[in-house]
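What follows is calculated from the coordinates using simple rules that are stated; it is not laboratory data. For clarity, every value in this text was computed on a predicted model and none was experimentally measured. Because the Cβ atoms are built from the backbone with ideal geometry, glycine has one as well, and the counts that use them run over all protein chains shown.
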Amino acid sequence: MVKTKAISVLSGGLDSTVATAYYKKQYEIEAITFNYGQRSSRNEILSAQAICNKLNIKHNIIELPWLQNLGSSALTSSEAMPELEMDELDDKEFCTETARKVWVPGRNIVFTAIATSYAEALMAEKIIVGWDLEEATTFPDNSREFLDAFNQLLRIGSIYDVEIEAPLIDKNKEEIVKLGIEVNAPLELSYSCYQGSEEHCGVCESCMRRKRAFKNAGITDPVKYMK
């Protein structure tokens, strides 16, 4: 049986790794990873490449150097990276402010638009993303509303039948870790740190959410942390 083709937007992080592995048996997947000048670009690319090798899927790197020059995100500049305590992760007001400090202008809109171009060119019917419920609390471009709106845009603006699949859209990080174990996702190869250090820094928001997720799931995180 011929599999449906899919493009995975794979950062190498926990969420996109699990989303890609979730559809591995169902779709013929080709992954794309973006280098937009983020601090963690080297490790994200290495992680994504390793994940693709493990899952036996093709991997493409897309350079977006101009995106680094827009705004003043701590991810792409020398601005101080926000550090959080575990008990601050559910403080919506506080995390909304930290989200603004790492916000890259239009990032998911740009990424998904480029993934659409890949999908149309390769006659792929699906775009796989790792958007999830926990991130959507402070990042609107991870929300179900954003997903539904973008799919409506594709129905209007594409001459092909392309749809975004977001299997984690209603899940928090703990549930994502559990699903990752269930679908045999290579979690040990994923990279989640904003700082871009060889080992996860352990104090940025992405690291803290990852650490909490594994702890709450009762599963040992296979990556190493500096703190």
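Kirkwood's formula applied to the C-alpha pairs of the range 158-212 gives a hydrodynamic radius of 13.3 angstrom. Entry note, the chain: the mean residue ellipticity at 222 nm calculated from DSSP H runs of n ≥ 4, each adding -39500 (n - 2.57), is -12500 deg cm²/dmol after division by the residues and rounding to the nearest 500. Compute log10 of I(q)/I(0) for the range 96-149 with the Debye formula, placing one identical point scatterer on every Cα and leaving out solvent, at q = 0.21, 0.31 Å⁻¹, to two decimals. The calculated log intensity ratios at q = 0.21, 0.31 Å⁻¹ are -0.82, -1.27. Taking a straight line from the alpha carbon of residue 5, these lysines sit under 16 Å away, with near neighbours fewer than eight places off in the same chain left out: 24, 25, 58, 126.
When only the Cβ of Lys, Arg, Asp and Glu is charged (+1, +1, -1, -1), the dipole of the chain relative to its Cα centre reaches about 640 debye. Per residue, the convex hull spanned by the alpha carbons of the chain comes to 116 Å³.
So how do 122-134, 64-76 stack up, highest first, on mean other-Cβ count within 10 Å?
122-134, 64-76
Projected onto its three principal axes, the C-alpha set of the range 116-184 covers 38, 28, 13 Å, listed from the longest axis down.
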